[in-house]
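Right, one structure below, let's go through it.
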């Protein structure tokens, strides 16, 4: 049984606490450390490790303070270099080289984003649960079997983006950058169709854009596509 708590999911900051009842992890640290403390009711000592996907501030803002608090950070060499992280609390990981934190076995994988060495994470626990965490990418080349939980970015819908460009609300250059760095609604549908979701218990839609998304529509369409329980991460 996996419990997922969204601490925030937007361009203002991203962080999630997940636990299987034995080992609690922090996915991303994109808020000031004191804000993370408050949201977690100052139970930071419960966190066994923090995974960071890439160096952009809305995912990594508190990385150094998390390490100072005694929590290990797990991230790529590229992300570490970009953030200038050092010290014994830094644990460098590589795509396809699995590692363990408590009851979790974690396998990083490459994603496509405008960052130094971004990663997604596949997490499995000793109870047989399997979670994929995929954010800030415009493409995923991998397929995953036996998933029970999916946490996936659903940043925009192309029809909303095109409408805003036509109205002069969004610069074409911003659209180009968006399409080359983030997962949209149609990407999510394609990803879900391509993967084995028979065992999936819930799907979390992450990192919705403030201006280029529609939370209720996205939730409804993904539910219709999958027949699964869908949650939209709080912004």
Original post:
Applying 1/(1 + (r/R0)^6) with R0 = 25 Å to the Cβ-Cβ distance of residue 12 and residue 198, what FRET efficiency is obtained, to the nearest 0.05?
Top reply: 0.10
Original post:
Against the longest principal axis of the chain, how steep is helix 185-194, in degrees 0 to 90 to the nearest 10, with axes from Cα atoms?
Top reply: 70
Subject >> Cβ-Cβ FRET estimate between residue 174 and residue 141, R0 fixed at 25 Å, reported to 0.05 >> reply: 0.45
Original post:
Relative to the longest principal axis of the chain, what angle (0 to 90°, nearest 10) does the C-alpha long axis of helix 215-226 take?
Top reply: 90
**OP:** Per DSSP H run of n ≥ 4, the term is -39500 (n - 2.57); total these for the chain, divide by its residue number, and report the mean residue ellipticity at 222 nm rounded to 500 deg cm²/dmol.
**Re:** -7000 deg cm²/dmol
Original post:
Hey, rough spin-label estimate for residue 234 and residue 38, points 7 angstrom out along Cα→Cβ, what's it come to in nanometres?
Top reply: 1.3
Original post:
How high is the FRET efficiency between residue 5 and residue 105 when r is their beta carbon distance and R₀ equals 22 Å, given to the nearest 0.05?
Top reply: 0.55
Original post:
Counting alpha carbon pairs within less than 8 Å and at least 6 residues apart, what relative contact order, in whole percent, applies to the chain?
Top reply: 16
Original post:
Tell me, in nm to one decimal, what length is gained between residue 95 and residue 217 on full extension, where the rule is 0.36 nm per residue of separation less the Cα-Cα distance?
Top reply: 40.5 nm
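All of the numbers you see were taken from the coordinates with simple rules; none came from a lab. On a predicted model such as this, the values are computed, not experimentally measured, just so you know. When we count neighbours, we look across all protein chains shown, and the Cβ atoms used for this are built from the backbone with ideal geometry, even at glycine.
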